[in-house]
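Here's the structure, in structure tokens; my notes come after.
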Amino acid sequence: VGGSVVDNKQSLIHCVELVRLLLSTTQPRLLHFIPSPHPTPHPINLTMKQSFLLLGLVATASAFTSPAPRPVATSNTALFGGARGGATTLEGKKARVATVKELLDKSEMVITVPAGGITVSQAQSLRRSLPQGTTMMVVKNKLMSRAIEGTTYEPVGEMLKGANMWFFIEEDIGGTVKSWNSFLKDNGKRETHTILGGNIEGTNYDSKGVEAISKLPSKLELIAQIAGSINAVPTKLARVVKAPGMKVARAIKLAGEEVNKE
């Protein structure tokens, strides 16, 4: 206060410059309320009203700054936590498509179900219950579309709607469907997560068709039945051959006894 008029003006100029610099990085729209310290060659003549406005803006500048963005909370489902069905890089997407193609080559059938509303822990429990040879995976529709190109599974493209989870089944179709139905029962999802469809040998089936196919004997069961039938043939044949042989032997023996009597 006790300084010269020139010093006071220089101090005010510095304050104005600092405030304008602060506002230029936070709230540029407020700059027109603050006079430029060098608008013209004329000396600055700040009024008392402008001085109080300047001090008020300095005191409340923090109130106009935007708060730091908070992380968005995401649902803890099978679609999050790095398992969204897609990759974030081009190389990752190519690797995903290659993996799906490999699974399709080994699969006897693929089945799709809704993926939403399934937590990570539920998905892990379901995966552990699946029979050997069945792979469960959430695949983004665009990547699945690329994977089925040029394969017998191209008709699957008709099922690529919404968020899908896929079962790639090598052999045990019945065991896979049974595991899924048990999962729905245990988690109360029968009404919301019924099977959407499936494909076997290039033909699409709805949920009823998939259920019907799941009740058919698997390859292993058919092989066991055929093997059992083949093993039974020699035994039955031996019995058939043996029975007449015994009768012939008895007849010969009886005939010999009659000859000896004579």
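The values are calculated or read from the model by the stated rules, or taken from the named source; none is laboratory data. All of these numbers come straight from a predicted model, not from anything done at the bench. Backbone-built Cβ (ideal geometry, glycine too); neighbour counts: all protein chains shown. With ligands, DNA and RNA removed, areas are computed over all heavy atoms of the protein, side chains included. Shrake-Rupley method; radii C 1.70, N 1.55, O 1.52, S 1.80 Å.
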_Residue-count net charge about residue 195 - beta-carbon cut-off 14 Å; Lys, Arg +1, Asp, Glu -1_ = +3
_Greater than 24 Å separation of Cα atoms is the criterion. Which listed pairs, 93/185; 161/189; 93/161; 161/215, meet it?_
93/185; 161/215
*Quick one: if you stick a label point 7 Å off each Cα along the C-beta vector at residue 128 and residue 108, how many nm between them?*
2.7 nm
*Using a 1.4 angstrom probe and counting only protein chains, how large is the accessible area of residue 154 in Å², to 10?*
100 Å²
*Solvent-accessible area of residue 99 with every protein chain in place, 1.4 Å probe, in Å² to the nearest 10*: 60 Å²
